[in-house]
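First comes the structure, then the notes that go with it.
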Amino acid sequence: MYRGGLKNRAQAFIEKLSVSFVLLAILVIFVYGEEVSKFAFKGKPETFIDSAMAVPDKMVALSEYQYVPYSSSAFNDTTHQPSIMFVIDHSGSMSGMDPNGNRYDVTSALVDTLNRICPLAEIGVAIFAGKLEYWRGQDPPADPLNDDDPYNDACPGEKGGFCPLYQMNKTYQGKSGFDVVQSYLEHTRGRLHYKNSWSLNGTNINCSINASKHAMKSTAHLKKHQFIIFFSDGEANKPDTLTANDFVEGSNVPTTFTIFFTNDPRPPQTLVDFTNNVKANGYSSTNPKSDIWAFNNTSLDTLLSFVMKNVMNNILHFYTQTPKKMAVNGGPVVQNWDSTGFTFPKLFPLTGRSTDFLFDITYRIREGTDTLILLEEVRDTIERDTLIKTDFDVIVDGGASPLPSAQWDVKSWDRTISFYHNGNQVTTFDETMTPLEVRFSFDPGDARYEYTKATIELTNTSNNGRERESITLTKNGNIFSGTFPLTVLQDADNPNIGDGTFEHYARDNLVATFRNEENPRLTLDTLQVTLPFSFGGKITVEKASYFDNDAEGYVDSIYVEASTNISGGLTNAHIQEMVQKALELPGFRGFSIQNSGVVGNGFFLKVREDQSHDPQTFVTNDDKLTVKSVVLSAGGQVEAKSIAIQDRVAPIIHWKKKSALLADYKVSGKKDTLGVKFSEAIKKVSAEEPFYFLARSNNNTYSVKLREVAQPKTDSMVFEVSSVNGVSAMK
């Protein structure tokens, strides 16, 4: 069992993301639809023990299906890595016992197998005859023995060398270790094409065994995992008869397996003694497994099968692990492994910028040290259960690259927020669009994610009042929908939060937010959009005037001049709503509005003034039209204003008796006069015939020409009668 520790190294990365996440929160407001995803790693979960992985910001959950692969042959277990030196006799006797060079083909096949199933293995090659056959000038260069090594100087000419240990999956100057070793073997195999090309200068086993011991000095693998595989067909005769068999001592030699090509039932005694000495030299715990076989080479397949069964099964460590059960973050344990992974009832939400996960995986382990790879026979195995804990962080990063499909299983679904009015989709709204419909729709995508409920939170963007309404939507297939009324507030008013009506201020946008409230709740599955508000225009009252069309002394109509930028201009609907909501007439006159309508550059109000008081044909400071700021459902906003109403009402003769008196002068030199008291002060009367007169006898009108004489009071005037036409006498 092993457990991941703290991941402090992820903290700096998380802090670096803070700024990018603020930007993300701002940018997402302007998106109407957005794809989100769940993900799973296709490889072994142990890959992420005590680590932090960065994923793109569209990721909201780990998948409910988690991959836990079956490991059929865990030869890359770092505690059981072999280091193998292949020692190959290339002397003249080879032409009789192995003329086709099968020993090279078998070695190449074994190297290929090791590269495939045990890529961390280290492989080297020492080929010899009278001396080591490789040389320093090769590419890559061969390793020489120590310059003072007596066994490598037995033959004249350049000292030989050997291919040192190369790790199969490691790169050396652009080549893998596997390719390097195979290139050495290819070189030697190529020499077999030439007849009589065998080295005829003897057999120097000493130098090859010394080369192998020298190679093992560079490995980090344990001594019990160090091996020599020795192919030979002749007895040592170099460098001389006294020293040729020095190798038989077998001191400091790792576990050695020798295949001796011969027609005799037993290999040479020197090699048998060498093998026995290696078994007993105490180099490692596996040295007693050393062995030697006399082999009559009949075919390549026979040789390969023999080596696999008798040699490789004593080298490779057999190890399989079958997933048995799994839990995530201490949750329910599942045991439904389907050969590639486990299926959980629900997704595993990401809860923020960083989410910690702990996988508890129980494996059934089957292991042994004697495994026949090709024939699939297993011996000396044991079985046990082990619990592996994988602790890792998932960090959501807006700048992270997409997860490559070769290593990750990413499945996505899409969701969208949209708005409608009268069945038509809208991308802005104005004061006339009430009620609005909001829709939350989704596409399950390849994730097959289904929503069962949806709630939209509505907020505004104003600083002087924060509205918040929650709208529960009704599902119909893949679409959830709901309607809500809206109204525009005056600046002094506050929204009534929770009443179901979206109340906002002038030029105040609507923000709609969806949050995943399923079980489990996906915290990062949040979609927020803004619907911009667009006013229909503004109405501003500029002037207002009183009129008395029937000359009774009472106001019977008011004309209002207005400016507006409303598309299409003022309508009767606008005026009627203004009368109800925005206009306040002077209270002391007791107006009642009878009718209204658009006319000219404004509108008229047909009114009836309370006639229980005396007519007032003039205006005072109290004659004001008060206009309140109102947003009209017909469109547009009325600007608040208070204006003085202008006087367009003509004065009338005072309503009291004797307000018009005729003085009949019979004195020579004086003309008759007419004294008139008016309803308001008169500055000047310029008309010669300002009044109508009725004859008492027949009610016919007649004319009287007057000339202003005196003005003793501002609301009274005296006229001199110049002439009378239409009657014989004026009374």
Next on the checklist: With a 1.4 Å probe and all protein chains kept in place, how much accessible area does Cys207 have, in Å² rounded to the nearest 10?
Outcome noted: 0
Next on the checklist: Straight-line reach from Lys279: which aspartates and glutamates fall under 14 Å, measuring Cα to Cα and dropping same-chain residues less than 8 apart?
Outcome noted: Glu249, Asp291
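Compute the Kirkwood hydrodynamic radius of segment 556-697, taking the inverse of the mean of 1/r over all pairs of distinct Cα atoms, and give it in Å to one decimal. Mind dumping the intermediate values first?
Details: mean 1/r = 0.0536 Å⁻¹.
About 18.7 Å for segment 556-697.
Using only C-alpha atoms and all pairs of different ones, pull out the Kirkwood radius for the chain in Å with one decimal. Could the numbers behind the result be given before it?
Details: mean 1/r = 0.0272 Å⁻¹.
Kirkwood radius, the chain: 36.8 Å.
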Checklist entry - What residues have an amide H closer than 5 Å to that of Thr203, excluding those fewer than 5 places away on the same chain, when H is modeled at 1.01 Å from N in the peptide plane? => result Asn237, Lys238
Checklist outcome for this item: Of Trp293, Trp135, Trp337, Trp413, ordered by accessible area with the largest first and a 1.4 Å probe, the sequence is Trp135, Trp337, Trp293, Trp413
Checklist entry - Which sequence of Glu467, Glu186 reflects their accessible areas, 1.4 Å probe, from the largest down? => result Glu186, Glu467
Checklist entry - What share of the DSSP beta bridges in the chain is antiparallel, in percent to the nearest 5? => result 75
Checklist outcome for this item: Computed over segment 553-635, the distribution of all Cα-Cα distances in 5 Å bins, rounded to whole %, is 3, 13, 24, 25, 16, 10, 6, 2, 0
Item to check | Sequence of Lys684, Lys238, Lys38 from largest to smallest accessible area, 1.4 Å probe | outcome: Lys684, Lys238, Lys38
Item to check | For Lys324, solvent-accessible area (1.4 Å; no DNA, RNA or ligand), Å² | outcome: 80
Checklist entry - Setting aside same-chain residues fewer than 8 positions from Lys538, which lysines have a Cα under 28 Å from its Cα? => result Lys581, Lys606, Lys624, Lys628, Lys641
Item to check | Å² of accessible area per residue within the chain, as computed with a 1.4 Å probe and no ligands counted | outcome: 48
Item to check | Dipole moment magnitude, nearest 20 debye, the chain about Cα centre, only Lys, Arg, Asp, Glu C-beta charged | outcome: 2380
Item to check | Radius 14 Å from Cβ of Asp273, net charge of other residues (Lys, Arg +1; Asp, Glu -1) | outcome: -2
Item to check | Surface accessible to a 1.4 Å probe, Tyr172 within the full protein complex, Å² | outcome: 60
Next on the checklist: Could you work out the pair-distance distribution P(r) of segment 442-503 from its alpha-carbon pairs, with 5 angstrom bin width and percents rounded to whole numbers?
Outcome noted: 4, 16, 22, 16, 12, 11, 9, 6, 3, 1, 0
Checklist outcome for this item: For Lys656, the lysines lying under 20 Å Cα to Cα, once residues fewer than eight places off in the same chain are dropped, come out as Lys677, Lys713, Lys731
Next on the checklist: Strictly over 26 Å apart at the Cα level, which of Lys346/Lys411; Lys131/Lys224; Lys684/Lys705; Lys543/Lys658; Lys170/Lys309; Lys159/Lys217 would you flag in this model?
Outcome noted: Lys131/Lys224; Lys543/Lys658; Lys170/Lys309
Item to check | Taking the C-alpha atoms of segment 507-566, convex hull volume expressed per residue in Å³ | outcome: 130
Checklist outcome for this item: Neighbours of Ser401 by Cβ distance under 13 Å: Lys/Arg at +1, Asp/Glu at -1, summed charge -1
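The values are calculated or read from the model by the stated rules, or taken from the named source; none is laboratory data. Small disclaimer: the values here were computed from a predicted structure and weren't measured. Cβ: placed from backbone, ideal geometry, glycine included. Neighbour counts: every protein chain shown. Quick note on the areas: whole protein, heavy atoms, side chains included, nothing else; ligands and nucleic acids left out. Shrake-Rupley method; radii C 1.70, N 1.55, O 1.52, S 1.80 Å.
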